[in-house]
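The values are calculated or read from the model by the stated rules, or taken from the named source; none is laboratory data. Remember, it's a predicted structure, so these values are computed and weren't measured experimentally. In this analysis, Cβ positions are derived from the backbone assuming ideal geometry, glycine residues included, and neighbour counts consider all displayed protein chains.
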Amino acid sequence: MHVVTEHAWQALFARQLFRRPSREELDAFEPDWTVISVPGLLTDPEEDGTESETFVGIDFERKIVLICGTAYAGEIKKSIFTVLNFVLPTERGVFPMHCSANMGKEGDVALFFGLSGTGKTTLSADPERCLIGDDEHGWSDTGVFNFEGGCYAKTIDLSAEKEPQIWDAIRFGAVLENVVMDRRTREVDYSERMLTENTRVAYPLEYIAGAVADGMGGHPSAVLFLTADAFGVLPPISALTPSQAAYYFLSGYTAKLAGTEADMETDVEATFSTCFGAPFLPLPATTYAEMLSERLSTHGTRCYLINTGWSGGPYGVGSRIDIAATREMVSAVIGGKLDDAETGKDPFFGLNVPVEVPGVASELLDPRGTWDDGEAYDDQATKLADLFRENFTRFESQVSEDVRNAGPHSS
């Protein structure tokens, strides 16, 4: 792949995010695809037939990507991810995934699916495990492999205490994007939201200590779907049946907050991004869901839904689930500590919630019990359950009865 950019920092971003060929490979390099990023070129909607001055287009015949009117570097990486989401299933039989992946000392692999802000990068960057990659992977007949050579982490409210691996990766060669820096002291303020909540850093994979050099691992033993539920009603951890795994994968739920998105009418809005990557899926969503289900079944992979969002009330009332507690839940899943655990059935979503998780306060596992007003919880849970069912109507004719019935219960 050949990347042509208007700005030097974009070229550095591409070098850090994509896999870097050796000098010998470069000597015989012939690009298959070309990405051209020209943020200074604005399209004319009337003349060019575009929706706005910003345009991202992919020509699958000429194998060219054109990015105009936006300097957001994420468009460079996501355009190629979109290409791979078409090519890999149709030509290689590989399941492409928008997920992070890491590996334990015994070679056990875990996958983390989730939309922006759910903790995908943070939770996969575990000092006790080796990082395979933080965003784009393929699952082939031989295992999991990373498409990329770097990481693209969110930095809003970044701290050395909570996210030490990402903090330590910000060094010479890393590319900070949308962050605010004091021009005199050159100190970065990671809490500053003046430009956007979507502040980022791009760095090579090898900046993470213990990262898997070849970006490859075996078949996953655990798959985790991450959601930041700002309604404050989903359990913090739930074991998914195969049918529930397909349902929640197709749903791709998280919540967005006022201040992070333009034109929001309420403080919290549900977001359903199919397969946790809807804008980048050129094939029918059920194609990817079926590939996931087949692999989970073939390899006996455990699947869990992890809520990294709010507890004790919705956004603005409750508090964000502490990341230390979430890490304990993730560790319990990956370590197989919940395989035979006693579970209770959530009355609204039908999810199987562990009664106990090592290292986690038992009261946190009951979302209704964390609210001061139980009836207010019931109203909020009913509202979110209805949103799930409304969203899933578009898939009902394309999935089995088991998957259709795997979602929230009717009120």
Any hit, the stretch 12-33, residues being without any contact (Cβ under 8 Å) to a residue 40 or more places away in the chain, closer than 26 Å to THR287 by Cβ, in contact with a Cys (Cβ under 8 Å, 6 or more places away or on another chain) and not assigned by TED's automatic domain parsing to the domain that holds THR286:
no
Condition set without any contact (Cβ under 8 Å) to a residue 60 or more places away in the chain and of a type in the set (S, T, N, Q), scope the stretch 145-195, selection nearest to GLY74 (Cα to Cα): answer is ASN178
With the requirement that a residue be closer than 29 Å to THR286 by Cα, hydroxyl-bearing (Ser, Thr, Tyr) and assigned to a helix (DSSP H, G or I), what does the stretch 368-394 give you?
THR382
For the stretch 133-169 the number of residues that are crowded, with 20+ Cβ neighbours inside 10 Å and out of contact with any helix residue (DSSP H, G or I) (no Cβ under 8 Å at 6 or more places or on another chain) is 3
Out of everything in the stretch 90-123 that is in a loop (DSSP other than H, G, I, E, B) and of a type in the set (Ser, Thr, Tyr), what residue ends up being surrounded by the most Cβ atoms within 10 Å (Cβ to Cβ)?
THR118
How do the pairs read when you match residues in the stretch 88-114 that are under 13 Å from MET216 (Cα atoms) and acidic (Asp, Glu) with residues anywhere that are at pLDDT 95 or above and surrounded by 23 or more Cβ atoms within 10 Å (Cβ to Cβ), using Cβ under 8 Å and keeping only pairs 6 or more apart or on different chains?
ASP108/ILE334
I'm trying to understand the selection: among the residues of the stretch 289-310, which are part of a loop (DSSP other than H, G, I, E, B) and over 12 Å from SER221 (Cβ atoms)?
THR308, GLY309
Given (1) under 18 Å from HIS2 (Cα atoms); (2) assigned to a loop (DSSP other than H, G, I, E, B), ASP126 misses just (1)
Apart from one, (1) aromatic (Phe, Trp, Tyr); (2) surrounded by fewer than 23 Cβ atoms within 10 Å (Cβ to Cβ); (3) in contact (Cβ under 8 Å) with a residue 12 or more places away in the chain all hold for PHE225; the odd one out is (2)
Report those strands (runs of 3 or more DSSP E) wholly inside the stretch 150-241 carrying at least 3 residues which are closer than 29 Å to ASP366 by Cβ and modelled with pLDDT of 95 or more.
220-227, 237-239
Determine if the stretch 121-128 includes at least one residue that is in contact with a Cys (Cβ under 7 Å, 6 or more places away or on another chain) and in contact (Cβ under 8 Å) with a residue 40 or more places away in the chain.
yes
Are there any pairs with C-beta distances below 7 angstrom linking a residue in the stretch 34-51 that is at pLDDT below 95 to a residue that is surrounded by 12 or more Cβ atoms within 10 Å (Cβ to Cβ), with the two at least 6 apart or on different chains, and if so which?
THR50/THR43; GLU51/PRO45
Residues of the stretch 175-215 satisfying the condition of being surrounded by fewer than 20 Cβ atoms within 10 Å (Cβ to Cβ), within 16 Å of ARG20 (Cα to Cα) and of a type in the set (Gly, Ala, Ser)
ALA213, GLY215
Exclusive hit being in the same structural domain as VAL317 (by TED's automatic domain parsing) and of a type in the set (A, V, I, L, M), set ALA211, ALA228, ALA202:
ALA228
